[in-house]
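Structure, as structure tokens:
The values are calculated or read from the model by the stated rules, or taken from the named source; none is laboratory data. Everything numeric here is computed off the predicted structure, so don't read it as measured data. Neighbour counts run over all protein chains shown; Cβ positions are idealised from the backbone, glycine included.
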Amino acid sequence: MAEITASGPPPAAAPDPAGDEDTPRAIFTPVDRADRAFRILLRSGGLAVFAITGLIAFFLVYQAHSAFAKAGWSFLSTSAFIPQQGHFGIAAALPDGVVIALIALAVAVPTAITAAVFISEFAPVRLRRPLIAVIDLMAAIPSIVYALWGVFFLQPRVVGLARWASDHLGGAIPPLKVRGGEEQSLFTSSPFLAGLVVSLMVVPIATSICREVYSQAPVGEREAAYALGSSRWGMVRTVVLPYGRGGTVGAIMLGFGRAMGETIAVSLIISPGYFFTWRIFEHNGLSIPALIALRYQESTPEILSALMAAGLVLFTVTLAVNAAAGVVVARSRSGQQTAD
Amino acid sequence: MSTEILEPELRSGLEPPDLEPPHEVPFRPRTLTGESVFLLLGSAAAAFAVSWLTYERILPFTGAFGFWLVWYALLLVFYGAAVVVVHGRRAVSDHLTGLFAASVGLLILAVVLEQIGYVLLRGAAALVHLNFFTQNMGSTGPADPLTSGGVLHAMVGSVEQVGIATVLAVPLGVLAALFMAEIGGPMARPVRALVEAMTSLPEIIAGLFIYALFILTFGLRQNGFAAGLALTVMMIPYVARASEVMLRLVPNSLREAAYALGSSQWRVVWSVVLPTARSGLTTAVVLGIARAIGETAPVLLTSGFSSFMNANPFSGWQTSLPLFVYESVREPEPAMIQRAFGAALVLMCLILVLFTIARVAGGTAPGEPTRRQRRRMARDLARPARIGGGPGDGPDGELDDGSQEAEHATA
């Protein structure tokens with residue numbers, strides 16, 4: 001097509017089907033004033049979303065400006081958080097938050113994928129809708145309720161596991177080791193517990209995205225697998241999971257974003273410590289949202305500005321992760337992985 | 001419509017009921033047979049016996065957690081062995097993954113029931129005292145018994161803040177959804193991507209934003225209105241996302257029919273699209289409310305915390321239920337922790353009620369008549385037909401019926 005347009009109008013001999021056929025009549029739709037106003041109204045609704053996101057970014061930058069000016073690049077490399085002395089950064093909160101999120105994902109992702117496979121493939125058809133309702137309900141439970149459950153119910157039960165892991169596996173796997181003695185309190189308020197509770201909030205999000213993607217695996221290829229003598233699991237392994245790979249990756253990324261942003265459960269569970277630790281059973285941990293929730297009451301301008309800076313980093317990271325996840329999921333669902 | 005990212009609760013009731021064609025059902029191997037149930041029960045009993053013998057009697061371990069872990073591992077082993085005997089080796093992976101998947105499903109069910117049951121168990125002690133609903137914590141100390149003090153102030157705060165958020169977020173969210181669904185164009189894609197990303201924005205960022213805007217920049221004090229604004233920021237993308245899904249379910253033939261009758265665009269949206277998607281939009285809004293009412297992080301920074309009743313959201317600190325839970329549970333007094341669980345139970349009840357409403361309201365697909373409309377249609381059918389004009393009793397009813405008829409004509 002390119003060379004034709006480059007050499008001017010096509011010669012009559014060239015087979016150009018578009019040129020021979022009738023061109024459709026251009027239809028002009030007059031838009032009256034009411035409709036024009038209506039469209040402007042709707043456009044402004046769409047733009048409002050942009051405006052809100054832009055305002056969030058603007059005001060976080062505006063308020064974080066002085067903190068960034070004071071700390072410079074050391075904001076990313078300082079663990080301590082003492083803005084009064086100009087000594088602050090997120091070198092503890094950000095990686096600690098990532099550790100918590102990774103623990104949450106380590107629990108939630110296998111659970112979510114299995115649950116999604118169960119709902120879309122293994123469960124009796126009659127049970128499918130109630131099971132979906134259960135997942136929806138799990139997502140509707142507020143995080144404060146999960147946090148209460150984690151602190152009062154799960155914590156006493158996890159301490160035993162943490163002790164056992166620290167005693168028996170800690171020698172071989174250093175992250176599981178708890179240093180400093182045998183006191184019960186050393187094993188509480190750990191990133192591991194926080195990660196476990198956060199995983200409960202990741203499970204419903206990841207499950208429902210995976211389930212939706214899995215249930216869209218093409219019927220023709222499913223039945224082809226069965227026709228070749230595959231068992232149900234064989235079909236899931238060779239058709240459903242490969243088809244849903246992109247969606248699964250997107251679900252994991254969205255779950256990561258959710259886990260990074262969880263505030264209440266983490267701030268109620270962990271005991272804040274301003275140095276990075278990868279020892280997941282120790283009595284020390286932090287994340288950016290927890291940092292903000294725990295420190296915002298010390299409302300000196302320096303601290304608030306430093307918290308805004310931390311919030312800006314969180315906002316940027318989660319927005320980027322979520323947007324990338326959205327792209328991945330959307331692409332996986334466009335059917336480009338299997339030619340229909 | 002299926003190319004959307006949604007948080008799960010958005011989706012409850014949003015999906016059309018399984019529209020499987022009646023004649024052609026996809027092949028699905030049978031899931032549960034009598035034989036597999038017996039194999040499973042037998043393996044479970046055997047695993048229980050062996051794990052009791054080894055774990056409790058022979059090995060130096062104790063503890064329920066380890067016991068059930070060993071039991072489950074043995075169950076998988078025994079069940080696999082039984083399947084080999086009965087069905088042959090090739091069936092093992094299928095049966096074991098089926099069992100494993102089912103047990104994960106059961107685990108999730110158990111966790112959800114556990115959340116509800118645990119809050120119910122711990123919170124019931126506070127709720128049996130009627131004063132929990134009629135008093136505030138203004139004249140009650142943390143150590144006072146449960147017979148004094150209550151969460152009326154937090155309930156009022158929650159209702160007002162969520163009310164403010166609903167009033168602001170629903171029109172904006174639905175407008176954004178209408179923009180994405182009805183106008184579209186090159187602008188719609190970035191808006192949709194942004195809405196998706198904002199839907200799972202960390203809750204604390206909404207609070208931080210309002211704090212930066214309202215308190216640091218404008219110099220206002222923390223109050224209920226600021227908390228409502230923070231919840232609005234959370235709710236808009238949520239409502240927009242869910243509403244757009246619902247609007248996309250409205251059949252295009254309805255829109256085209258209305259355009260063919262000469263309607264202008266706003267007429268089509270107002271009289272055809274919105275009424276058709278009404279049940280789904282209700283679901284979207286109710287689920288948005290259910291989500292907003294449970295959010296703690298946005299209100300934590302913006303509303304302030306007060307023990308007194310403050311019914312005026314525009315001045316003074318105002319507590320809401322999640323915030324009350326968050327603040328009370330950090331106190332050392334057992335009575336305060338019981339109150340926290342009581343408030344959490346109230347919150348859970350509210351959310352369960354909203355969730356049920358959403359599922360009931362979302363039970364009908366767009367275009368499918370609700371029970372009331374179906375009754376009216378039956379009544380109209382029983383009546384002798386009149387010439388000219390619909391059978392409805394008002395403009396609203398008439399339009400409803402019109403959209404129903406258009407839908408049935410296309411179906």
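Taking the conditions (1) part of a helix (DSSP H, G or I); (2) touching a Phe, Trp or Tyr at 6+ places or on another chain (Cβ under 6 Å) in turn, B:Ala82 satisfies each one other than (2). For the range B:121-134, residues that are within 11 Å of another protein chain (Cβ to nearest Cβ) and in contact (Cβ under 8 Å) with a residue 60 or more places away in the chain total 2.
Among the candidates B:Ser253, B:Ser264, the residue that is of a type in the set (Ser, Thr, Tyr), more than 29 Å from A:Arg258 (Cβ to Cβ) and modelled with pLDDT of 90 or more is uniquely B:Ser253. Within the range A:196-223, being over 30 Å from B:Pro202 (Cβ atoms), among the hydrophobic types (A, V, I, L, M, F, W, C) and touching a residue at least 12 places away in the same chain (Cβ under 8 Å) holds for one residue alone: A:Ala217. Looking at B:Leu109, B:Leu99, B:Leu172, B:Leu178, just one residue is crowded, with 16+ Cβ neighbours inside 10 Å, aliphatic (A, V, I, L, M), more than 30 Å from B:Trp266 (Cβ to Cβ) and touching a residue at least 12 places away in the same chain (Cβ under 8 Å), and that residue is B:Leu99.
Among the residues of the range B:189-207, which ones are crowded, with 24+ Cβ neighbours inside 10 Å and of a type in the set (D, E, K, R)? Those that are crowded, with 24+ Cβ neighbours inside 10 Å and of a type in the set (D, E, K, R): B:Arg192, B:Glu196, B:Glu203.
When we screen A:Val158, A:Val202, A:Val198 for residues that are in contact with an Asp or Glu (Cβ under 6 Å, 6 or more places away or on another chain) and either closer than 27 Å to B:Pro26 by Cα or assigned to a helix (DSSP H, G or I) (or both), the only hit is A:Val198.
Of all residues in the range A:149-169, those satisfying the criterion of being touching a Phe, Trp or Tyr at 6+ places or on another chain (Cβ under 9 Å), buried (at least 18 other Cβ atoms within 10 Å of the Cβ) and closer than 25 Å to B:Leu120 by Cβ are A:Trp149, A:Val158, A:Val159. Take B:Ala292 and decide whether it is closer than 19 Å to A:Ser143 by Cα, of a type outside the set (Val, Ile, Thr) and modelled with pLDDT of 90 or more. Here the answer is yes, as B:Ala292 does meet what is asked. Of the helices (runs of 4 or more DSSP H) entirely within the range A:18-120, those holding at least 3 residues that are at pLDDT 90 or above, more than 30 Å from A:Ile270 (Cα to Cα) and over 24 Å from the mean Cα position of the chain (by Cα) occupy A:33-71.
Checking the structure you have, find out if any residue of the range B:216-225 is touching a residue at least 40 places away in the same chain (Cβ under 8 Å), aliphatic (A, V, I, L, M) and in a helix (DSSP H, G or I).
No, the range B:216-225 has no match at all.
In this entry, A:Glu212 passes the filter for residues that are touching a helix residue (DSSP H, G or I) at 6+ places or on another chain (Cβ under 9 Å) and facing chain B (nearest Cβ under 8 Å). For the range B:184-219, the candidate set comprises residues that are over 12 Å from A:Phe59 (Cβ atoms) and hydroxyl-bearing (Ser, Thr, Tyr); within that set, the residue that is nearest to the other protein chains (Cβ to nearest Cβ) is B:Ser200.
Of all the listed residues (A:Thr263, A:Thr316), the sole one being under 16 Å from the mean Cα position of the chain (by Cα), within 21 Å of A:Leu60 (Cβ to Cβ), surrounded by fewer than 19 Cβ atoms within 10 Å (Cβ to Cβ) and not acidic (Asp, Glu) is A:Thr316.
Of all the residues in the range A:145-174, those that are within 8 Å of chain B (Cβ to nearest Cβ), among the aliphatic types (A, V, I, L, M) and closer than 16 Å to A:Phe187 by Cβ number 2.
If you go through the range A:65-96 and keep only what is in contact (Cβ under 8 Å) with a residue 12 or more places away in the chain, over 24 Å from A:Gly195 (Cβ atoms) and of a type in the set (A, V, I, L, M), you end up with A:Ala67, A:Ala71. Among the residues of the range A:97-125, those identified as free of Cβ contacts under 8 Å to residues at least 40 places away in the same chain and facing another protein chain (nearest Cβ under 8 Å) are A:Thr114, A:Phe118, A:Ala123, A:Pro124, A:Val125.
The residue that is farthest from A:Ala106 (Cα to Cα), among those in the range A:260-306 that are in contact with a Leu (Cβ under 8 Å, 6 or more places away or on another chain) and without any contact (Cβ under 8 Å) to a residue 60 or more places away in the chain, is A:Tyr296.
Matching residues to (1) more than 14 Å from A:Glu282 (Cβ to Cβ); (2) at pLDDT 90 or above; (3) not aliphatic (A, V, I, L, M):
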| residue | (1), (2), (3) |
| --- | --- |
| A:Ile135 | yes, yes, no |
| A:Pro142 | yes, yes, yes |
| A:Ala147 | yes, yes, no |
| A:Val151 | yes, yes, no |
| A:Val158 | no, no, no |
| A:Ala162 | no, no, no |
| A:Ala165 | no, no, no |
| A:Leu169 | yes, no, no |
| A:Pro174 | no, no, yes |
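Annotation: B:Asp94 fulfils all but one of (1) more than 30 Å from B:Gln222 (Cβ to Cβ); (2) surrounded by fewer than 15 Cβ atoms within 10 Å (Cβ to Cβ); the unmet one is (2).
Being within 14 Å of chain A (Cβ to nearest Cβ) and either modelled with pLDDT under 90 or farther than 30 Å from B:Ala44 by Cβ (or both) narrows it down to one residue among B:Ala110, B:Ala143, B:Ala169, B:Ala101; which is it? Result of the check over B:Ala110, B:Ala143, B:Ala169, B:Ala101: B:Ala169.
Checked against (1) more than 24 Å from the chain's Cα centre (by Cα); (2) more than 10 Å from every other protein chain (Cβ to nearest Cβ); (3) at pLDDT 85 or above, A:Gly246 passes all but condition (1).
When you go through A:Asp32, A:Asp22 one by one, which is the residue that is within 11 Å of chain B (Cβ to nearest Cβ) and surrounded by fewer than 17 Cβ atoms within 10 Å (Cβ to Cβ)? Give the derivation first.
Details: A:Asp22 fails: within 11 Å of chain B (Cβ to nearest Cβ).
Answer to the check: A:Asp32.
Which of the residues belonging to the range A:126-143 are free of Cβ contacts under 8 Å to residues at least 40 places away in the same chain, assigned to a helix (DSSP H, G or I) and facing chain B (nearest Cβ under 7 Å)? Scanning the range A:126-143 gives A:Leu131, A:Ala133, A:Val134, A:Leu137, A:Ala140.
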